[in-house]
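Working notes for the structure below.
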Amino acid sequence: MTTTVRAYAAPSATEPLAPATIERRDVGPHDVRIDIRYAGICHSDIHTARSEWGPTTYPIVVGHEIAGVVAEVGSAVTMFAVGDRVGVGCMVDSCGECSYCARGDEQYCAEGNIGTYGSVGRDGEPTQGGYAQSIVVTERFVLRIPDALGLDVAAPLLCAGITTYSPLKHWQAGPGRKVAVVGLGGLGHVGVKIAHAMGADVTVLSQSLKKQEDGLRFGAGAYHATSDPDTFDKLADTFDLILNTVSGPIDLDDYLSLLAVDGTMVNVGAPEKPLSLRAFSLIMQRRAFAGSTIGGIRETQEMLDFCAEHGISAEIETIPADRINEAHDRVVASDVRYRFVIDAATFA
Ligand code: NAP
Ligand code: ZN
């Protein structure tokens with residue numbers, strides 16, 4: 001038995017997303033049914049809908065920044081009750097038994113985590129994401145949204161928030177540490193706020209100075225345009241940590257030259273094409289180039305609580321479902337301030 005819900009789906013890599021219906025499984029003993037209120041638009045949704053990371057299986061409903069209210073709980077559910085304000089991020093299950101799952105790093109599950117969309121669920125059906133009226137998720141992968149955060153501005157934290165929080169914490173952004181955030185988009189703007197709240201000295205590296213006032217308001221102490229070649233001379237050997245959130249190709253050697261000795265550049269941006277770098281950009285200053293994906297469930301809850309405590313949420317533009325395609329195009333054009341969030345009432 002399943003429940004039919006309205007959604008927006010990509011029919012192919014080249015056609016616009018369009019209204020569709022999908023089936024959600026019935027609530028099992030450990031499941032929670034969530035009435036989706038808001039779904040953020042992450043650039044990963046666009047990479048996936050357009051098959052930029054390899055072939056996607058269509059039709060697909062993307063969306064992994066989900067905020068809503070619990071509508072139904074299974075008989076064995078202990079952590080949630082009907083009416084609770086909750087969220088779901090980029091994964092909906094994992095093996096639960098490997099060493100990574102055991103230590104709370106479900107995103108690195110040895111068997112691969114089950115993505116909110118584009119994976120195959122334990123029921124053997126393809127998973128479909130948050131551009132929809134509701135979703136059914138095992139309670140272990142449901143997050144609690146603190147009362148201090150509105151559901152609309154909290155939704156983007158479920159991906160943009162944790163994707164920046166986890167590496168900032170792992171590479172010890174904090175007092176006395178110079179952190180640069182590259183790209184002031186959905187991830188970048190939340191990353192600036194979080195790094196600032198952690199106590200780091202934050203610099204924004206954006207393509208232009210158009211968003212400078214905003215960047216400084218989000219907590220950056222400095223803001224530079226990467227279109228200005230002087231930027232790379234002025235800031236050479238400066239940062240302890242660079243968080244790269246850019247969705248497209250950049251010249252890694254240019255950015256690595258901004259790291260101090262022992263500095264690390266972490267890529268969370270996931271461009272379509274391979275990146276390259278010169279070994280000498282790393283070896284002469286013992287620099288590191290690293291990557292990171294989202295964060296574990298326990299850490300995601302910790303991030304939501306941290307954001308509530310520090311008054312951090314996403315800057316959003318709320319749209320109805322029939323503007324999703326336009327929003328996707330605007331994200332690709334870096335014309336987003338700073339996250340589009342879909343009002344899920346408009347899927348009806
Ligand atoms: P976004 O809102 O589009 O932000 C990306 C920003 O990068 C843009 O706003 C722009 O900022 C800058 N940018 C874009 N194209 C550029 C170019 N060609 N050269 C230099 N800068 C450029 O996207 P997002 O949702 O934050 O996602 C960013 C990337 O992270 C995507 O590739 C996404 O798939 C990936 N991602 C990864 C994870 C993970 O787990 N690792 C999770 C979520 C997303 P400025 O205008 O300020 O320059
Ligand atoms: Zn995402």
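The values are calculated or read from the model by the stated rules, or taken from the named source; none is laboratory data. Given the structure is predicted, the values throughout are model-derived calculations rather than measurements. Backbone-built Cβ (ideal geometry, glycine too); neighbour counts: all protein chains shown. For the accessible areas, the whole protein counts, side chains as well, though only heavy atoms, and no ligand, DNA or RNA atoms are used. Shrake-Rupley method; radii C 1.70, N 1.55, O 1.52, S 1.80 Å.
Quick one: in segment 258-291, which of the residues that are among the small types (Gly, Ala, Ser) and crowded, with 18+ Cβ neighbours inside 10 Å is farthest from ligand 1 (Cβ to nearest atom)?
GLY263
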Could you please give the count of residues in segment 77-91 that are open to solvent by less than 20 Å² (accessible area, probe 1.4 Å) and within 16 Å of ligand 1 (Cβ to nearest atom)?
-> 4
Selection status of GLY74, surrounded by fewer than 24 Cβ atoms within 10 Å (Cβ to Cβ) and within 16 Å of ligand 1 (Cβ to nearest atom) | no
Residue check: is VAL142 closer than 29 Å to ALA344 by Cβ, within 15 Å of ligand 2 (Cβ to nearest atom) and in contact (Cβ under 8 Å) with a residue 40 or more places away in the chain?
-> no
Inspect segment 274-290 for any residue being at pLDDT below 95, away from ligand 2 (no atom under 16 Å from the Cβ), within 29 Å of ALA154 (Cβ to Cβ) and hydrophobic (A, V, I, L, M, F, W, C) and give the result as yes or no.
-> no
For segment 82-100, does any single residue satisfy the condition of being within 16 Å of ligand 2 (Cβ to nearest atom), farther than 20 Å from ILE162 by Cα and not assigned by TED's automatic domain parsing to the domain that holds GLY185?
-> no
Those residues of segment 147-185 which are touching a Phe, Trp or Tyr at 6+ places or on another chain (Cβ under 6 Å) and open to solvent by 10 Å² or more (accessible area, probe 1.4 Å) amount to LEU151, ASP152, LYS178
Does segment 285-296 contain at least one residue that is out of contact with any helix residue (DSSP H, G or I) (no Cβ under 8 Å at 6 or more places or on another chain), assigned to a helix (DSSP H, G or I) and farther than 20 Å from VAL192 by Cβ?
-> no
When (1) in contact with a strand residue (DSSP E or B) (Cβ under 7 Å, 6 or more places away or on another chain); (2) in contact (Cβ under 8 Å) with a residue 24 or more places away in the chain are applied to LEU216, the one that fails is (2)
So, of the residues in segment 197-220 that are within 12 Å of ligand 1 (Cβ to nearest atom) and open to solvent by 80 Å² or more (accessible area, probe 1.4 Å), which turns out to be nearest to ALA236 (Cα to Cα)?
-> GLN207
Those residues of segment 301-335 which are in contact with a Leu (Cβ under 7 Å, 6 or more places away or on another chain), open to solvent by 10 Å² or more (accessible area, probe 1.4 Å) and under 24 Å from ILE194 (Cα atoms), in sequence order = GLN301, ALA308, SER313
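Would you mind finding the one in PHE306, PHE280 that is more than 21 Å from ILE242 (Cα to Cα) and not assigned by TED's automatic domain parsing to the domain that holds ARG140?
Every option except PHE306 fails the conditions.
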Per the filter on segment 329-346, residues farther than 13 Å from ASP45 by Cβ and either of a type in the set (A, V, I, L, M) or not in a helix (DSSP H, G or I) (or both) are ALA333, SER334, ASP335, ARG337, TYR338, ASP343, ALA344, ALA345
Can you tell which of ASP251, ASP152 is acidic (Asp, Glu) and near ligand 1 (Cβ under 10 Å from one of its atoms)?
-> ASP251
Segment 216-240, subset among the hydroxyl-bearing types (Ser, Thr, Tyr) and assigned to a loop (DSSP other than H, G, I, E, B), residue farthest from GLY191 (Cα to Cα) | SER227
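Got a sec? Which of SER134, SER51, SER44 is within 23 Å of PRO29 (Cα to Cα) and of a type in the set (Ser, Thr, Tyr)? Full working, then the answer.
On the way: SER51 fails: within 23 Å of PRO29 (Cα to Cα); SER44 fails: within 23 Å of PRO29 (Cα to Cα).
SER134 is the lone residue from the list that is within 23 Å of PRO29 (Cα to Cα) and of a type in the set (Ser, Thr, Tyr).
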